[in-house]
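Below: one structure, written as structure tokens.
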Amino acid sequence: MNILITGANGQLGKDCTLVLSDLHAVTCVDVEELDITHKNQVLAFIRKIRPEVIINCAAFTQVDLCETHKDQAWAVNVTGAENLAQAAAACQAFLVHISTDYVFDGIKPFPDAYSETDIPNPLSYYGITKREGELAVMRATDNHLILRTAWLYGFHGANFIKTIVKKAIAAPDVTLKIVNDQYGSPTWSMILARQIAALVQTPARGLYHASAEGACTWFEFARYFLEKLRVPHRIIPCTTQDYPTPAVRPGCSILDNHRLKNENCNQMGHWQRDLDEFLQLYGKQLLAQCQPSPKPQDSL
């Protein structure tokens, strides 16, 4: 198939490119090549390359920054999604759009999970824009697949693993407080990319959840990968109240991949198993990436 991937420089976009390029003709673009917030540019570009499938990995994902950059967040997460959906409809393309667990308020008690039929109620502006993006896609075209995922990490791009590992390496004697009362499912972007590759070959349409199986807190997640990587560290659990952030996060945003499992096409593995594989493949490179930059020497 002829496939267009937007947001191709991000961690999911990179992995989608790796997974899909072996089997399909893939065009990869990021904001430098295609600004999805410009409607006419999007329509002209898609009419030119005529993709059969569009995979939208472009998003404003900096949750706290969304609270102060609301226009930018809306432009990318809502207007951009709508532009792609309308262009897809005009060119009879199939749109795969990525959404998030943060469309839910997280008031369900652990270990209850959210299914596709649960009613969204986002707490943050990021969550609001991602929910509005979903609705924009639904209004613009029936030929869509919306995949909600959670707590993404990968080798490419920025993520929680790299943030914590960098901090631990830079200051191993400093105690880091990590939230231990928010529950979710850390999801490797490569596994999600494989799930997307499988779904574009099927008649699957509509809204699906696609996150790792099982769940943990941010603290449990951090402790697990720091120990696996053998990074010296000092971390202690704290509550959300102890670690205030500009954006309100859901307390328990575990997703149930109900439709994937019901249709016998769930490829999402348990978060620990996937993380083990990720660290085995990329652990050494990840540690090298996270080393502090050498300080420039003074000029003589």
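Under the rule of -39500 (n - 2.57) per DSSP H run of 4 or more residues, summed and divided by the residues of the chain, what mean residue ellipticity at 222 nm is obtained, to the nearest 500 deg cm²/dmol? Display every interim value, and only then the final one.
Numbers: 11 runs with 115 residues, N = 300.
Helix-only estimate at 222 nm: -11500 deg cm²/dmol.
Lys48: which aspartates and glutamates have alpha carbons under 18 Å from its alpha carbon, excluding same-chain residues fewer than 8 sequence positions away?
Asp30, Glu32, Glu33, Asp35
Over 25 Å between C-alpha atoms is what I'm after, so list which of Lys177/Lys228; Lys39/Lys162; Lys130/Lys177 land there.
Those over the limit are Lys39/Lys162; Lys130/Lys177.
Could you work out the relative contact order of the chain? I mean the mean sequence separation of Cα pairs under 8 Å and 6+ apart, divided by the number of residues, in percent.
Computed value for the chain: 21 percent relative contact order.
Tell me which label goes with the value of Cα extents along the principal axes in Å computed from the coordinates here: (1) 56, 37, 37; (2) 58, 57, 37; (3) 59, 47, 37.
(2)
How large is the Rg to Rh ratio of segment 1-107 when both quantities use alpha carbon positions and Rh follows Kirkwood? Don't jump to the answer; show the numbers that get you there.
Working: Rg = 13.9 Å, Rh = 14.2 Å.
The Rg/Rh ratio comes out at 0.98.
Ignoring ligands, DNA and RNA, please state the percent of accessible area on the chain from carbon and sulfur, probe 1.4 Å.
50
Tell me, in nm to one decimal, what length is gained between Met138 and Gln291 on full extension, where the rule is 0.36 nm per residue of separation less the Cα-Cα distance?
Fully extending the segment from Met138 to Gln291 adds 50.7 nm.
So with the 1.4 Å probe, I'd like the accessible area per residue for the chain, rounded to whole Å².
So the chain comes to 47 Å² accessible per residue, rounded to a whole number.
I need the fraction of alpha carbon pairs in segment 223-300 separated by more than 19 Å, rounded to a whole percent.
Tail fraction, whole percent: 66.
What do you get for the angle between helix 39-49 and the principal long axis of the chain? Use alpha-carbon atoms, 0 to 90 degrees, nearest ten.
Value to nearest ten degrees: 70.
The values are calculated or read from the model by the stated rules, or taken from the named source; none is laboratory data. Because the structure is a prediction, the values reported are computed rather than measured. Please note that ligands, DNA and RNA were not included when accessible areas were found on the heavy atoms of the full protein model with its side chains. Shrake-Rupley method; radii C 1.70, N 1.55, O 1.52, S 1.80 Å.
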